[in-house]
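K.L.:
Pasting a structure below so you can have a look.
The values are calculated or read from the model by the stated rules, or taken from the named source; none is laboratory data. Please read all numbers here as calculations on a predicted model, not as lab measurements. Quick reminder, even Gly has a Cβ in these numbers, built from the backbone with ideal geometry, and neighbours come from all protein chains shown. Please note that ligands, DNA and RNA were not included when accessible areas were found on the heavy atoms of the full protein model with its side chains. Shrake-Rupley method; radii C 1.70, N 1.55, O 1.52, S 1.80 Å.
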Amino acid sequence: MLAELWRYNISTQKWDCLSRDGPPEAASHSMILLGDFLLIWGGTAYPWGRCLSNRLHFFHIPSKTWMQDVECAGDVPTPRYGQSATYFAGKLYIVGGTNGVDYNMDAYILNLKHLEYERIQPEAEEQPLPRYRHEVAVLDDCLFVLGGGAADMSAFSFIDICVFNMKNQGWKTVTSQPCRKSGEYPAPRKFHSAVQWGEWAYICGGHTGTDVLDDIWRLHLRQRQWERLPQELPFPVYFHAAACTPSGCMFVFGGVMCKIGDRRCNTVFKVWLTVPTLQEMVWDVVMRNLGKSLRKPKENEEILWSIKNAGFKLPYCFLKRLQ
C-alpha cells in the first residue's frame with residue numbers, strides 16, 4: 001500500500017511528493033478538495049475487507065500537514081471502502097460502499113461545521129440496490145449515482161439512474177435517454193472515473209465485469225440525455241482517477257490496464273471538455289515549444305507562472321522563439 005500524497009503541476013508537468021505518512025487505508029478511499037484542504041474519508045488496506053476505515057482526515061496543502069483521525073459525533077458509518085463522498089453546502093454526503101463481504105447503499109450526512117453524522121433511513125422500497133465503486137454528480141439538490149457494482153462480476157446499467165434528493169432525503173429512480181446519434185447507452189461499468197463540468201457529468205473507462213473500457217460519455221443531468229464523445233482514452237483502463245480544471249480540461253491518471261492481473265500505469269493524459277479560451281490555447285503553444293527547456297531548472301517555474309498570468313502579453317523574446 002502506498003500511503004503517499006503526490007501533487008502534479010499541470011503546467012510544468014512535474015510531480016512532487018507532499019507526504020509519505022498519510023492514512024494507511026489508502027485503497028478505494030474518498031478524497032475531496034475544499035479550498036486549501038484535502039478531505040479524505042474511509043478506505044481499506046491489505047488484506048481487503050479486514051483493514052477498514054471510517055475515519056475522517058484533513059490535509060492542509062500550504063503547510064503540508066495532516067490532521068488525522070478527526071473525532072466526529074452522531075451516527076458514525078461503519079468502516080468501508082469504495083463509497084462515494086460528495087461535498088454540498090457545508091455537508092459531506094457518504095453513499096454506499098462495502099466491507100469486503102456486504103455491500104450497501106446507506107446514506108450518511110456529515111455536518112462539517114459541527115462534525116456530526118446523521119444516517120438517512122428512507123422507505124425500504126426506495127432503497128437502491130447495494131453497490132460500491134460508483135460515481136456521483138450533483139445538480140440542484142440531487143445526487144446522481146452513476147454505475148458501480150457488487151460482489152459478482154456484474155455492473156449497474158446507466159439507463160435507470162438512482163437519484164438522492166438532499167433536501168427531502170429520499171431516493172428515486174429516473175430514466176435517461178440514449179445517445180441521439182447511435183441510440184446507445186454507455187455499457188454498464190464499475191471502477192470508472194467521473195467528473196462534472198456545469199450540468200454535464202462525464203464518465204470514462206471502467207470495467208464491465210468481463211471487459212476493460214476506453215470510451216468517454218457525458219450525461220446532461222437536467223435533460224438526462226447521454227452522448228458519446230468521439231474521443232477515447234489512449235488505452236482501456238479501470239481503477240483510474242480523474243479531475244477537471246476550472247477551465248474545463250479533464251486529467252486522467254493511473255489505473256489497471258488489463259482484464260486479469262495487476263498491470264498498472266502512472267500515465268497522465270488530458271482532454272478538453274469544452275472549447276478552451278484563447279489564453280489557454282496560447283499557453284498550450286508556449287508549453288509545447290518551451291516547456292521542456294523551461295521546466296528543467298526549478299527557478300524557471302516563476303517565469304512560467306508570469307507568462308501564464310500575462311495572458312496574451314507574452315514577452316517578445318518568447319514570441320520570437322515561437323515563430
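K.L.:
Give me the net charge for the shell around GLY205: Cβ to Cβ below 9 angstrom, other residues only, Lys and Arg +1, Asp and Glu -1.
P.N.:
-1
K.L.:
Name the residues whose placed amide hydrogens come within less than 5 Å of the amide hydrogen of GLY74, ignoring near sequence neighbours (fewer than 5 apart) on the same chain.
P.N.:
Residues meeting the criterion, in which the H sits 1.01 Å from N, are TYR117.
K.L.:
Out of PRO79, PRO230, PRO130, any idea which swings most in a Gaussian network model of the chain, alpha carbons joined below 10 Å?
P.N.:
Comparing PRO79, PRO230, PRO130 in the GNM, the peak value goes to PRO230.
K.L.:
Something else: Over the chain, give the accessible area per residue in Å² for a 1.4 Å probe, as an integer.
P.N.:
So the chain comes to 52 Å² accessible per residue, rounded to a whole number.
K.L.:
OK, next. Using every pair of alpha-carbon atoms in the range 9-70, split the distances into 5 Å bins beginning at 0 and state the percent of pairs per bin, rounded to integers.
P.N.:
4, 17, 24, 23, 17, 9, 5, 1, 0
K.L.:
Looking only at LEU233, LEU273, LEU290, which one moves most when the chain is put into a Gaussian network model with springs between Cα atoms under 10 Å?
P.N.:
Evaluated over the chain, the most mobile residue of the options is LEU290.
K.L.:
List the aspartates and glutamates whose alpha-carbon lies under 19 Å from that of LYS14, not counting same-chain residues fewer than 8 positions away?
P.N.:
Answer for LYS14, where 19 Å is the Cα cut-off: GLU4, GLU280, ASP284, GLU299, GLU301, GLU302, listed by chain and number.
K.L.:
Here's another thing I want to ask about it. With all protein chains present, how much of the accessible area of the chain (probe radius 1.4 Å) comes from carbon and sulfur, to the nearest whole percent?
P.N.:
52 percent
K.L.:
While we're here: How many percent of DSSP beta bridges within the chain run antiparallel, rounded to 5?
P.N.:
For the chain, the DSSP antiparallel bridge percentage is about 95.
K.L.:
Starting from 0.36 nm per residue, how many nanometres of slack lie between MET281 and ILE159 once their C-alpha separation is accounted for?
P.N.:
Extra length from MET281 to ILE159 when fully extended: 40.3 nm.
K.L.:
Can you compute 3J(HN,Hα) from phi for each residue in the range 249-254, using the Karplus curve 6.51 cos²θ - 1.76 cosθ + 1.60 with θ = phi - 60°, rounded to whole Hz and x for Gly and Pro?
P.N.:
Calculated HN-Hα couplings, in order: 10, 8, 10, 10, 9, x Hz.
K.L.:
Which far-off residues, 5 or more places away or on another chain, put their amide H under 5 Å from the one on GLY170, with H placed in the peptide plane?
P.N.:
Those lying under 5 Å, H to H, from GLY170 are ASN165.
K.L.:
What residue among MET166, MET281, MET31 has the largest mean-square fluctuation in a Gaussian network model of the chain, using Cα springs under 10 Å?
P.N.:
Between MET166, MET281, MET31, it is MET281 that shows the largest mean-square fluctuation.
K.L.:
Sticking with this structure for a sec: Taking amide H positions as placed 1.01 Å from N in the peptide plane, with prolines and chain starts having none, which residues 5 or more places from MET105, or on another chain, fall under 5 Å of its amide H?
P.N.:
ARG131
K.L.:
Another one. Just in the range 61-104: which trypsin sites (Lys or Arg not before Pro) are loop by DSSP and have at most 13 other Cβ atoms within 10 Å?
P.N.:
Here the sparse-neighbourhood loop sites are LYS64.
K.L.:
What Kirkwood radius, in Å to one decimal, follows from the Cα pairs of the chain?
P.N.:
Averaging 1/r across every pair of different Cα atoms and inverting gives 21.2 Å.
K.L.:
By how many degrees, 0 to 90 and rounded to 10, does the Cα axis of helix 278-294 deviate from the longest principal axis of the chain?
P.N.:
70 degrees
K.L.:
Could you tell me the distance between the Cα centroids of the range 165-202 and the range 205-253, to the nearest Å?
P.N.:
12 Å
K.L.:
Give the angle, between 0 and 90 degrees and rounded to the nearest 10, that separates the Cα long axis of helix 301-310 from the longest principal axis of the Cα atoms of the chain.
P.N.:
Taking Cα atoms only, the helix is inclined about 90 degrees.
K.L.:
A follow-up question, please. Using alpha-carbon positions, what is the distance between the centroids of the range 52-128 and the range 2-24, in Å?
P.N.:
Cα centroid of the range 52-128 versus Cα centroid of the range 2-24: 24 Å apart.
K.L.:
So what J values fall out for the range 65-76 if you push phi through Karplus, 6.51 cos²θ - 1.76 cosθ + 1.60 with θ = phi - 60°, rounded to Hz, Gly and Pro as x?
P.N.:
Ordered by residue, 3J(HN,Hα) equals 10, 9, 10, 9, 6, 5, 6, 10, 9, x, 8, 5 Hz.
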